[in-house]
1. What does the charge add up to near ALA88, with Lys and Arg as +1, Asp and Glu as -1, over the other residues with Cβ less than 13 Å from its Cβ?
2. Can you pull the accessible area of THR45 for me, 1.4 Å probe, Å² to the nearest 10?
Amino acid sequence: MAQANSVPSRSPSRTDSAASGVQWERLYESALLELNPQRVPAAITVARPAMLNRAEEIMTKPASHEHALNSALRILRTLEELAGKEAAGYHAA
């Protein structure tokens, strides 16, 4: 498994940026659409780093237009809070 803080040996191309844009969206949608409440936290754990990596790419390349990412991160945080509350409810029952 690659380390999260490894430095790429080359600059990302436009194709790489497009691929990372699709990747975070796919992982984000997977977390949002997960029907099993017990799997939601894991889906969030996978989606968040991809989203944050994409946000970092956008910040270093201001020409990119990823307006949805900030909103998606807020929604993912809300989903995480809801999943935590639901998990607490399962443990209390």
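1. Values: positive: LYS85; negative: GLU80, GLU81, GLU86.
Summing Lys and Arg as +1 and Asp and Glu as -1 gives -2.
2. Surface open to solvent at THR45 totals about 100 Å².
The values are calculated or read from the model by the stated rules, or taken from the named source; none is laboratory data. A quick note: this is a predicted structure, and the numbers were derived from the prediction, not measured. So basically every Cβ, Gly included, is an ideal-geometry build from the backbone, and we count neighbours across all protein chains shown. Protein only, heavy atoms only, side chains kept; ligands, DNA and RNA dropped before computing areas. Shrake-Rupley method; radii C 1.70, N 1.55, O 1.52, S 1.80 Å.
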